[in-house]
Amino acid sequence: MFRISRIFDVVTAAEKRRVEDVQRIFRHEFSGATEYASRIPELITSVEKGFEFIVLTAEKGRDEVLGFALLHYYPDLRYGYLDFIASDFRRRTRGIGGALYEAVREYLDRKSAQGLFMEVPPDDPALVADPEALPVNRRRLKFYEQYGAFPIIGTRYESLA
C-alpha cells in the first residue's frame, strides 16, 4: 500500500528527503532534462506569476517516495498542465503511475478545472529522431490512453523539435 501526498515546502529534513527522492527518480526517467530536476525545490517554494506548482508523491511508509507528478495549475485559465509523471524504475507495474494520474485529475476536479494538458512525445517513427525513444514514447501514450486521454493531432506541434 502507498499514499498520495503533496509537498508544500522544502524546510524539514523529511521534506528535503522527499524532494531528493523525486529528483533521483526524475533524473533517471528524464535524463535529457536533468537541469529541471535541480529547479524542483525552487519551484516548490517560489510564487510564480500565473500558476501554482504542485508536487504530488506516492509514498510508502515514512517518506519513501515511489513516484511523483509535477503539475502546473493556472487558476485564471482553470487548466492544469501535467509536466512530468514517473514512478521509481525499481517498482514498475504496481499502479503507482495510475494512482498519481488519478490524484492529478482529482486535484483539478476539486479546483473546478476545465481541462488538463500534458506534453507527451509522439509515437510516430517519422517524428522521432532517436529510435531508442520510440518504445518509451509508445508506453507513455498507451498509459494515458487507458484513461481516455489521447493526443491532439494535426497541429504540427509534434513535429517541432
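The values are calculated or read from the model by the stated rules, or taken from the named source; none is laboratory data. These numbers come from a predicted model, not from an experiment. When we count neighbours, we look across all protein chains shown, and the Cβ atoms used for this are built from the backbone with ideal geometry, even at glycine. Accessible surface is based on the protein model in full, side chains and every heavy atom, while ligands, DNA and RNA are left aside. Shrake-Rupley method; radii C 1.70, N 1.55, O 1.52, S 1.80 Å.
Here are the numbers for the structure shown:
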| quantity | calculated |
| --- | --- |
| Enumeration of residues in the stretch 75-130 that are under 17 Å from the mean Cα position of the chain (by Cα) and of a type in the set (A, V, I, L, M) | Leu82, Ile85, Ala86, Ile96, Ala99, Leu100, Ala103, Val104, Leu108, Leu116, Met118, Val120 |
| Residue match in the stretch 131-145 (condition: assigned to a loop (DSSP other than H, G, I, E, B) and open to solvent by 60 Å² or more (accessible area, probe 1.4 Å)) | no |
| Scope the stretch 46-64; condition surrounded by 12 or more Cβ atoms within 10 Å (Cβ to Cβ) and without any contact (Cβ under 8 Å) to a residue 40 or more places away in the chain; matching residues | Phe51, Glu52, Phe53 |
| Unique residue being of a type outside the set (A, V, I, L, M) and in contact with a Lys or Arg (Cβ under 7 Å, 6 or more places away or on another chain) when the list is Glu59, Glu64, Glu29 | Glu59 |
| Residue within the stretch 73-96 that is closer than 19 Å to Arg140 by Cβ, in contact with a strand residue (DSSP E or B) (Cβ under 7 Å, 6 or more places away or on another chain), in a helix (DSSP H, G or I) and open to solvent by less than 30 Å² (accessible area, probe 1.4 Å) present | yes |
| Filter result for the condition that a residue is surrounded by 15 or more Cβ atoms within 10 Å (Cβ to Cβ), basic (Lys, Arg) and either over 14 Å from the mean Cα position of the chain (by Cα) or at pLDDT 95 or above (or both), over Arg39, Arg18 | Arg18 |
| Candidates Arg39, Arg105, Arg18, Arg6, filtered to the one that is part of a helix (DSSP H, G or I), more than 25 Å from Leu141 (Cβ to Cβ) and in contact with a strand residue (DSSP E or B) (Cβ under 9 Å, 6 or more places away or on another chain) | Arg18 |
| Some residue of the stretch 70-92 being touching a Ser or Thr at 6+ places or on another chain (Cβ under 7 Å) and at pLDDT 95 or above | yes |
| Matching residues, the stretch 47-72, being closer than 22 Å to Leu116 by Cα and not in a strand (DSSP E or B) | Val47, Glu48, Lys49, Gly50, Phe51 |
